[in-house]
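Here is the structure we will look at, set down as structure tokens.
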Amino acid sequence: MVLEERALQLYTAPFGGQSLQAFKYGSLTPAWAWKEEDRASFDADRYYDSERTAGYTEHNRGSQETLARRTLQLCSVQTESTDQETLLAVDLGCGSGLSSKAGSQCHLAVIGVDLSSEMLRSDEWEAEKHLSPMSGERLRCDLAQPLPFRSQVFDLCYSVSAVHYLATASGAEQRIRALTGSLRRILVPEARPVALQAYLTRSSGAVEAFQAAARKDGWLCDLVVDQSHGRPAERDYLYLRKGGTELAPRCALYSHAKATCALALEAWAQRQKAPLVRLDGAHRAWLVREHDRFARRLLRLHKRVADGASLDHAAPPGTDAAALAQRLAGIEEMEEEARLSAVLSILHS
Amino acid sequence: MRLMTHNVLQCNKKGVQNGFPLIIKATSMKYEETPFDKSFVSAMIPKIEYHALLKAVSEVQQCPNIAGMDKLGSLPVLPLAMPANPDEDEDFLRRLHTVLFDLSMLEGELVCPESGRVFPVNDGIPNMLLNDDEV
């Protein structure tokens, strides 16, 4: 349903971007979006008392583990097989350890860092004690301060649901630059790409602030949108790679966020001979199906307009979407596997 | 905090040029055996500052209370220099594994060798948070 809305959105208002959202929700803000004023007064250490810590852990267990695996996959870590080589990793904003645990399960040596003492003392850390010789390692520090590590030691850096707190109303740029500066310093030159899953308010300029800060430190920073299996909510990931100037192609499914997707990034990394994205098979298959559904919907809308039917909305079709639909119409008769591959290349062009 | 973690920790307070290695002043530690994993410990070798690890072991020996030490007997003795081919020296790798992963600092302080800044360790968790005027 959500994808169908998005196809309609792309088709009817590709440049305004707001009309369908406003139409569907009125002025309602989606439930997951934080307000800027919440963030500005957020202090993880004051907020997470022991009860909130336990509640957070229980509420987020399944989704955090999924998000952590997806994040690690973007960092080129194999989450499905057991032959992943051991790498030294830092988990930024490790909280009660759910994301660090996901790293330990992939044979990584993980050190978690977090600002919240209660999160660092969560009972959850005990449960993961024996996953690897380093599991459960953690310390307290602030991501917006120089990270307390030697230079060039970590192979990998990842973060699940944390770095959006750096992008608060004032001083965001300074905090973000502190983090990108730390990353540049503590990672080895041949480090894996950095992946930071975060809840970014897209209109707040947080993505642009990360990109600008990262660029100054010699990183390429892209926004990757992914969806968890069977869940409608989009999840944003900042993907940082050393060197290179060319971003991955945008994905038509996430044109409203000007983002790429995990599939487009996977193909791009392969072409660039960059560390591969290690999507798990089930998720890749699901993503391909979602792209196909999106393409079919776009094509149906296109045909209805061509037949003279009016859509639910008065907005005229955008030229971009019409062009996409025309190209999709051209591959309708292809054999299934070739067609799916053509669908992906059209939606990622 | 395991000694592997200690080996990558550094004081990055404003103005400090050489905040490594942090001096270990432990009042309470524990020994807890973890399964030996050759590839895991081998992967850590390029990360280690070996002289700092030797210094850390000598500081750990000053700790009055290491729970579980009866199971270990005595701390493994590491050679003064890293062996030429450490990956092929299983005896060395086992000692290194014990030192890096099986000894944890529970309570005490980490002290910056240059500035003397003290970072407390409680419940095994170092507090590396700096004050605003130290950044």
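Per residue, the Cα convex hull of the protein assembly as shown amounts to 151 Å³. In order along the range A:256-272, the phi-based Karplus estimate (6.51 cos²θ - 1.76 cosθ + 1.60, θ = phi - 60°) of 3J(HN,Hα) comes to 5, 9, 6, 10, 9, 10, 4, 5, 5, 5, 4, 5, 5, 4, 5, 5, 7 Hz; Gly and Pro are listed as x.
Among B:L78, A:G330, A:A248, whose Cα sits farthest toward the positive end of the charge dipole of the protein assembly as shown (+1 at Cβ of Lys/Arg, -1 at Cβ of Asp/Glu, about the Cα centre)? It is A:G330, whose Cα lies furthest towards the positive end. Shape analysis of the range B:1-54 yields a ratio of the Cα radius of gyration to the Kirkwood radius, Rg/Rh, of 1.02. Our coupling estimate for the range A:98-113, obtained by passing each phi through the Karplus curve with A = 6.51, B = -1.76, C = 1.60 and θ = phi - 60°, is 4, 6, 5, 4, 4, x, 4, 5, 9, 6, 8, 8, 10, 10, x, 10 Hz, Gly and Pro reported as x. For the range A:261-290 and the range B:28-78, what is the separation of their C-alpha centers, rounded to whole Å? So the separation of the two Cα centres works out to 41 Å. Working from label points 7 Å from Cα in the Cα-to-Cβ sense, the A:E51 to B:K14 distance is 3.9 nm.
Taking amide H positions as modeled 1.01 Å from N, with prolines and chain starts lacking one, the residues under 5 Å from B:T27 and 5 or more places away or on another chain are B:E107, B:G108, B:E109. Quick check on my link table: of A:K101/B:K38; A:K101/B:K55; B:K30/B:K55; A:K101/A:K258; B:K25/B:K55, which ones sit more than 23 Å apart, alpha carbon to alpha carbon? With Cα atoms farther than 23 Å apart: A:K101/B:K55; A:K101/A:K258. For the range B:1-43, list residues with backbone N below 18 Å from a point placed 7 Å from the Cα of A:Q174 toward its Cβ? Once the point is set 7 Å along Cα→Cβ of A:Q174, B:13-15 turn out to lie under 18 Å by backbone N, inside the range B:1-43. Of the GluC sites (Glu not before Pro) found in the range A:242-342, the ones in coil according to DSSP and having at most 12 other Cβ atoms within 10 Å of their Cβ are A:E246, A:E332, A:E333, A:E335.
Taking label positions 7 Å along the Cα-Cβ direction at both A:A285 and B:V111, the computed distance is 6.1 nm, reported to one decimal. Close amide H pairs (under 5 Å, H built 1.01 Å from N) link A:Q152 with A:I186, A:L187, residues at least 5 positions away or on another chain. Distance between the C-alpha centres of the range A:86-137 and the range B:97-135: 17 Å, rounded to the whole angstrom.
Per-residue mean of foreign Cβ neighbours for B:120-130 is 6 (Cβ atoms of other chains, 10 Å radius).
Helix-only arithmetic for chain B: the sum of -39500 (n - 2.57) across DSSP H runs with n ≥ 4, divided by the residue total, places the mean residue ellipticity at 222 nm at -7000 deg cm²/dmol. Near the amide H of B:N122, within less than 5 Å, lie the amide hydrogens of B:N127, all on another chain or at least 5 residues away, with H placed in the peptide plane.
With a simple spin-label model that places each label point 7 Å from the Cα along the Cα-to-Cβ direction, the separation between A:L247 and B:D87 comes to 4.0 nm.
The numbers here are math on the coordinates, done by the rules we state, and not lab data. Just so you know, these numbers come straight off a predicted model, no measurement behind them. Here the Cβ is made from the backbone with ideal geometry for all residues, glycine too, and neighbour counts use every protein chain on show.
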